[in-house]
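Below is one structure, written out as structure tokens; the observations come after it.
The values are calculated or read from the model by the stated rules, or taken from the named source; none is laboratory data. Quick caveat, the model's predicted, so the values are computed rather than measured. No Cβ is skipped: glycine too gets one built from the backbone with ideal geometry, and neighbour counts run over all protein chains shown.
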Amino acid sequence: MIRILNVIGRRPTGGIGAVVTNYQSNFPEEIVFDYLLFSDDLTGEFDNHVKEMGSKVFVLPALKSSRFISINQQIKQFFTEVKNEYDIVHIHTVNIAFLVARYARKNGINHIIAHSHATKFSDKKVRAIRNQILCLDLKNICTDFVACSYEAGQFLYGNQFMKTGKVRIIKNAINVEKYSFSEAKRTRFREDFKLDDEIIFSNIGRLSVQKNQSFLIDIYREIEKEIPNSKLFIVGDGEEKSKLVKKVQDLNLQNNIIFTGKRNDIDEILSGVDVLLMPSLYEGLPVIGVEALASGLLCIFSDSISKEFNSKNSFYVSLQESAATWAKQTISITSRTNSRKSLAKEMGYDITEEAPKLIEFYKEIVEK
């Protein structure tokens, strides 16, 4: 049996949470996943989900600079209490590795994985500088290195380190069958939202500066001028929601732009919509992109998103381009005939094929 403690800087609502649970649900009993999260809420939806799969979830207070001394002591105490219980600590929020790794190693956990999930430290300049500084010693305090894509690896570890072969690429794999296009799901989704033959554009993810939904609204405003029989579904929740709702109202687009809130039926939504628009400022390799390609959707990504999504249904537009240019290219792409054939499996994102590779990686680490 191999016991892994996954360390995540805040309780996940998608993204990293989807990655770890996709893998965990395809592990045999010999691989045990537990979690250390940082939040002021003692429990949440993620906790309940992984506990149902047999995980323990440990929650320490949310990370804030004003609490540094207190949190440092609590992390120290935590690893004293779980001394020798884990074979591996897998750190998904690398800017806290400096807090976690030393106490893990002092308490008998000798294998520390750093996992790069992004291609930028933060969407806020001061935080980005801070996080970069906090990661300067990453290669010395961690023993093993992982990235969700080659570009995410280059970003965190550098070109020269990537060339050494010391970084393992662990893909953001999914249950391909679950997200494959379904006519029944499409009909159900469209009936639920009282849709007829409208072209439905979509964006799915946390409502945040990083995801760039304000610019997305500008893009759709231009699209709607050419395709009035269309709607934009913005799926998710987050800190930017009130600003985005106000912007839509100010533009008088509230009948065309639908905020659905957080949803648990993403597979149905993907079958029901026609195009995924992702003008994100930065990403590693977003899980929603994999899920959309599994559904055979036309996907339009910003040039900040990994080119490892390259496929006949993947299109990239520069963030330097105007909303009008994005709209023009989106309209052109939307006019293409699309068979909705799933592409994720042939691109290597099938969890049934990728989970055994991660298990083998864990075994290699422990056997060193």
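Tell me, please, whether a residue that is closer than 16 Å to Val275 by Cβ and either outside any loop (DSSP other than H, G, I, E, B) or not assigned by TED's automatic domain parsing to the domain that holds Ile300 (or both) can be found in the range 354-366.
Applying the first criterion (closer than 16 Å to Val275 by Cβ) to the range 354-366 yields none.
No: zero hits.
Looking only at the range 245-265, which residues are touching a strand residue (DSSP E or B) at 6+ places or on another chain (Cβ under 9 Å), surrounded by 10 or more Cβ atoms within 10 Å (Cβ to Cβ) and under 15 Å from Glu224 (Cα atoms)? The answer is Val248, Leu251, Leu253, Asn256, Ile257, Ile258. Residues that are farther than 22 Å from Ile300 by Cα and of a type in the set (Lys, Arg) within the range 191-212 comprise just one, Lys194. For the range 71-87, the criterion of being closer than 27 Å to Lys363 by Cβ, modelled with pLDDT of 95 or more and in contact with a strand residue (DSSP E or B) (Cβ under 6 Å, 6 or more places away or on another chain) is satisfied by at least one residue.
Of all residues in the range 132-161 being assigned to a loop (DSSP other than H, G, I, E, B) and without any contact (Cβ under 8 Å) to a residue 60 or more places away in the chain, which is surrounded by the most Cβ atoms within 10 Å (Cβ to Cβ)? Even if it seems obvious, please write down each step before you answer.
The first filter runs over the range 132-161 and keeps only residues assigned to a loop (DSSP other than H, G, I, E, B), leaving 135-137, 142-143, 148-149, 158.
From what is left, the residues that are without any contact (Cβ under 8 Å) to a residue 60 or more places away in the chain are 135-137, 142, 158.
Working: Cys135: 21, Leu136: 9, Asp137: 12, Cys142: 23, Gly158: 12.
Filtering first and then ranking leaves Cys142.
What residue, among those in the range 65-81 that are among the β-branched types (Val, Ile, Thr) and touching a helix residue (DSSP H, G or I) at 6+ places or on another chain (Cβ under 9 Å), is nearest to Val100 (Cα to Cα)? Among those that are among the β-branched types (Val, Ile, Thr) and touching a helix residue (DSSP H, G or I) at 6+ places or on another chain (Cβ under 9 Å), it is Ile75.
Only residues that are small (Gly, Ala, Ser) and more than 16 Å from Ile169 (Cα to Cα): list them for the range 326-366, please.
Let us first name the residues in the range 326-366 that are small (Gly, Ala, Ser), namely 327, 332, 335, 339, 342, 344, 348, 355.
Selection gives Ala327, Ser332, Ser335, Ser339, Ser342, Ala344.
Residues in the range 1-28 that are touching a helix residue (DSSP H, G or I) at 6+ places or on another chain (Cβ under 9 Å) and either of a type in the set (Asp, Glu) or assigned to a loop (DSSP other than H, G, I, E, B) (or both): Gly9, Arg11, Pro12, Thr13, Gly14, Gly15, Ser25, Asn26, Phe27, Pro28. Pairs meeting the criteria (first residue in the range 182-211 and in the same structural domain as Ile258 (by TED's automatic domain parsing) and at negative phi, second residue buried (at least 17 other Cβ atoms within 10 Å of the Cβ) and among the hydroxyl-bearing types (Ser, Thr, Tyr), beta carbons under 6 Å, at least 6 apart or on different chains) are Ser182/Ser271; Lys185/Ser271; Arg186/Ser271; Glu198/Ser230; Ile199/Ser230; Lys211/Ser280. Within the range 342-351, identify whether any single residue is out of contact with any Phe, Trp or Tyr (no Cβ under 9 Å at 6 or more places or on another chain) and outside any loop (DSSP other than H, G, I, E, B), and answer yes or no. Yes: the range 342-351 contains one or more residues that are out of contact with any Phe, Trp or Tyr (no Cβ under 9 Å at 6 or more places or on another chain) and outside any loop (DSSP other than H, G, I, E, B). Candidates are the residues of the range 266-323 that are without any contact (Cβ under 8 Å) to a residue 24 or more places away in the chain, touching a strand residue (DSSP E or B) at 6+ places or on another chain (Cβ under 8 Å) and assigned to a loop (DSSP other than H, G, I, E, B); the one that is surrounded by the most Cβ atoms within 10 Å (Cβ to Cβ) is Asp303.
Glu222 fulfils the conditions (1) under 26 Å from Gly14 (Cα atoms); (2) in contact with a helix residue (DSSP H, G or I) (Cβ under 9 Å, 6 or more places away or on another chain); (3) of a type in the set (Asp, Glu) except for a single criterion, (1). Going through (1) touching an Asp or Glu at 6+ places or on another chain (Cβ under 9 Å); (2) surrounded by fewer than 21 Cβ atoms within 10 Å (Cβ to Cβ); (3) among the small types (Gly, Ala, Ser); (4) in a helix (DSSP H, G or I) one by one, Ser332 falls short only on (1). Let me confirm something: among Ala62, Ala118, Ala18, which residue is surrounded by 22 or more Cβ atoms within 10 Å (Cβ to Cβ), among the small types (Gly, Ala, Ser) and in the same structural domain as Ile133 (by TED's automatic domain parsing)? Within the list Ala62, Ala118, Ala18, the selection yields Ala118. For the condition out of contact with any Lys or Arg (no Cβ under 9 Å at 6 or more places or on another chain), in contact (Cβ under 8 Å) with a residue 24 or more places away in the chain, within 22 Å of Lys357 (Cβ to Cβ) and part of a loop (DSSP other than H, G, I, E, B), Ala118 qualifies. Give all pairs with beta carbons closer than 7 Å in which a residue from the range 1-19 that is without any contact (Cβ under 8 Å) to a residue 12 or more places away in the chain meets a residue that is among the hydrophobic types (A, V, I, L, M, F, W, C); count only pairs at least 6 apart in sequence or on separate chains. Pairs that qualify, where the first residue is without any contact (Cβ under 8 Å) to a residue 12 or more places away in the chain and the partner is among the hydrophobic types (A, V, I, L, M, F, W, C): there are none. Selection over the range 162-214 of residues that are of a type in the set (Asp, Glu) and in a helix (DSSP H, G or I) gives a count of 4.
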